[in-house]
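For reference, the structure discussed in these notes is given below.
The values are calculated or read from the model by the stated rules, or taken from the named source; none is laboratory data. All values reported here derive from a predicted model rather than from experimental measurement. Neighbour counts run over all protein chains shown; Cβ positions are idealised from the backbone, glycine included.
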Amino acid sequence: MKLPGTSGRPRLRAAAVALLPLLALTGCGTGEPDGTAPAGAGAPAAPADDPVAAVRRVDSAAALLPAGVRASGTLRIGSSVGAPPSAYYPDGSRKPAGQDIDIADAVAKVLGVRLERQDAAFETILPALRSGKYDVGTGNFGVTTERLRTIDFVTYIDDGQGFAVRKGDTSFGKEITELTQLCGRTVGIGAGTTFEATLDAEKGVCAKAGRKPYDVKVYAENAATLTALQQGRIDVIMSTINGLRHQAARPASRTTFLGEYHRLDVGFAFTKGSPLTKAFQAAVNELIQDGTYARILRKWGTTASAIDTSRINPPEHP
C-alpha cells in the first residue's frame, strides 16, 4: 500500500537475493552485504485451482468501456509483483500469481479485453498512470485521502495496515493496537508506502507520552525488511494485514502476526477522470455476484477481506 513521495529518508539498497517468504520482490536487492536470505527462503507454489478459467465476457459491462478500448481490445496495466497472497512469482515460475493477478485477469475476461501487463516498482506506478504510460495499475494500493486527490480507484478488497515480529518475541504483548507501543523500538517498512506516511504523520505521539520516539527504517525492497527482522536490526514490521498473516502461516518466515492497526479499501488505480472506472466497477460487481470473486479469495486465503460491492473513490476508512 504505497503513497508517492512521503519522506526524504535515504533508501536502503544492495545486492540481489533469493525470494523470501511473503516479503519478496523479484530482481531486487536486500540491503545485505553477503546477499543471503533467512533459512527456508523461497516463494511458495501457487494453488492449482483456477477460478478465472470459467469467466466469460459480459456485454453490459464491456459496453461501458470507451470505444477506443473496445476497438483495440487491450489495456496496459502496471503491476507491482512482490509478495503473496497479493502478487508474486511462485517458486520456479516466471508467470506471476496471486489474488491481484486473478482478480485483474477475471475483470479483463468480463470486459472482453487483453491485459498487457508490465511489472513495475510500487512507487513508479501512480506517477506513470498520470503520465499516460499505463491505463490501470495494481499493487495492493490502499485508498487514502491523499491519493484520492490525484488518483481514481475502483475497489476490490479491504486490506490495511498491521504488524509482525520475530516468532517468540513477546515484548509487545499479544497485539499492537497503538503506535505508542512502538516507542523506543525500530520499525521496518517499505519505501513509499502508507505505512511510511502513517508513521511520519504520527511521529510526535511518543514525545506526547513522555517516551523515546520510534525509529523507522525504510527499505526499497520488501525482502530486505524480513531479513532485517530476522537479523535483529529492526524490532517489528509494519505491512499489509493479509501479507503478514500469510507470512506468519509459513513456518520458514519465523514471524508472528500482531494484529490490525488500520483498515483500508484496496483498488485498481487510474489517472484522475479515467473513463475506465465504471467498466471496472461493473466487472468487479459481476464477479462478486456470480461467485467468482469468492472463489478467488478462498484460493488465496483472503476471504476475511471480501467486500460486498465495488465502489469508485470511497472515502478513506476513519
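Does Asp308 qualify as being more than 18 Å from Leu64 (Cβ to Cβ) and acidic (Asp, Glu)? So Asp308 fits the description; yes.
Only a single item in (1) within 26 Å of Ala120 (Cα to Cα); (2) over 19 Å from the mean Cα position of the chain (by Cα); (3) assigned to a loop (DSSP other than H, G, I, E, B) is not met by Glu316, and it is number (2).
In the condition set (1) crowded, with 22+ Cβ neighbours inside 10 Å; (2) out of contact with any helix residue (DSSP H, G or I) (no Cβ under 8 Å at 6 or more places or on another chain); (3) part of a loop (DSSP other than H, G, I, E, B); (4) not β-branched (Val, Ile, Thr), Asp100 is compliant with all but (3). Residue pairs whose Cβ atoms lie under 9 Å apart, sitting 6 or more positions apart in sequence or on different chains, and linking a residue in region 163-177 that is part of a loop (DSSP other than H, G, I, E, B) to a partner that is surrounded by fewer than 14 Cβ atoms within 10 Å (Cβ to Cβ), are Lys167/Pro251. Restricting Gly112, Gly139 to those that are surrounded by 19 or more Cβ atoms within 10 Å (Cβ to Cβ) and either within 20 Å of Glu316 (Cβ to Cβ) or more than 15 Å from the chain's Cα centre (by Cα) (or both) reduces the list to Gly139. Give me the residue from region 173-212 that is touching a Gly at 6+ places or on another chain (Cβ under 8 Å) and of a type outside the set (D, E, K, R) and, out of that set, surrounded by the most Cβ atoms within 10 Å (Cβ to Cβ). This residue is Thr194. Restricting attention to region 124-159, the residues that are within 22 Å of Asp102 (Cβ to Cβ) and of a type in the set (Ser, Thr, Tyr) total 4.
Here is a yes/no grid of residues against (1) among the aromatic types (Phe, Trp, Tyr); (2) at pLDDT below 95:
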site	(1), (2)
Gly259	no, yes
Phe268	yes, no
Gly273	no, no
Gln281	no, no
Asp290	no, no
Ile296	no, no
Ala304	no, yes
Thr309	no, no
His317	no, yes
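Return the pair list, or none, for Cβ contacts closer than 8 Å from residues in region 50-78 that are in contact (Cβ under 8 Å) with a residue 60 or more places away in the chain to residues that are of a type in the set (Ser, Thr, Tyr) and in a helix (DSSP H, G or I), at least 6 apart or on different chains. Taking only residues 6 or more apart or on different chains, the pairs are Pro51/Thr292; Val52/Thr292; Ala54/Thr292; Val55/Thr292; Gly78/Thr124. Selection within region 115-136: residues that are modelled with pLDDT of 95 or more and part of a loop (DSSP other than H, G, I, E, B). The member of this set that is surrounded by the fewest Cβ atoms within 10 Å (Cβ to Cβ) is Gly132.
Within the set Ala209, Ala224, Ala201, Ala191, the sole residue that is among the small types (Gly, Ala, Ser) and closer than 21 Å to Thr256 by Cα turns out to be Ala224. Any residue at all in region 130-144 that is closer than 25 Å to Gly301 by Cβ and basic (Lys, Arg)? No, every residue in region 130-144 fails to be closer than 25 Å to Gly301 by Cβ and basic (Lys, Arg). Residues that are within 26 Å of Ala269 (Cβ to Cβ) and either buried (at least 23 other Cβ atoms within 10 Å of the Cβ) or of a type outside the set (A, V, I, L, M) (or both) occur at least once in region 164-172.
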